[in-house]
Amino acid sequence: MRHASPYLKTGAFWRFLVNYRCRVAILDDISQYVAQSRGFRDFVYDTNNGDQLWFASNL
């Protein structure tokens, strides 16, 4: 993936986490990014309803 876009690299990273059943919580205020992108908002919604990846602004 030497010449791959950052989005492809990110996708490969998430796929790795899913394949190995890793659980990850990302703690940050991402509200401005969610407001800017419908695709990202949908991604956050779907992952927060799953059992491996969560986005949260605090514990």
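The values are calculated or read from the model by the stated rules, or taken from the named source; none is laboratory data. Being a predicted model, the structure only gives us computed values, none of them experimental. Cβ sites come from the backbone with ideal geometry, for glycine too, and all protein chains shown count toward neighbours.
Observations, loosely collected:
- Within region 25-51, the set of residues being in contact with a Phe, Trp or Tyr (Cβ under 9 Å, 6 or more places away or on another chain) and outside any helix (DSSP H, G or I) comprises Ala25, Ile26, Leu27, Asp28, Ile30, Ser37.
- Residues in region 16-42 that are surrounded by 10 or more Cβ atoms within 10 Å (Cβ to Cβ) and among the charged types (D, E, K, R): Arg23, Asp28, Asp29, Arg41, Asp42.
- Extreme residue, surrounded by the fewest Cβ atoms within 10 Å (Cβ to Cβ), among residues of region 43-59 that are of a type in the set (A, V, I, L, M) and farther than 16 Å from Arg15 by Cα: Leu59
- Checking Cys22 against (1) modelled with pLDDT of 90 or more; (2) part of a loop (DSSP other than H, G, I, E, B), the condition it does not meet: (1)
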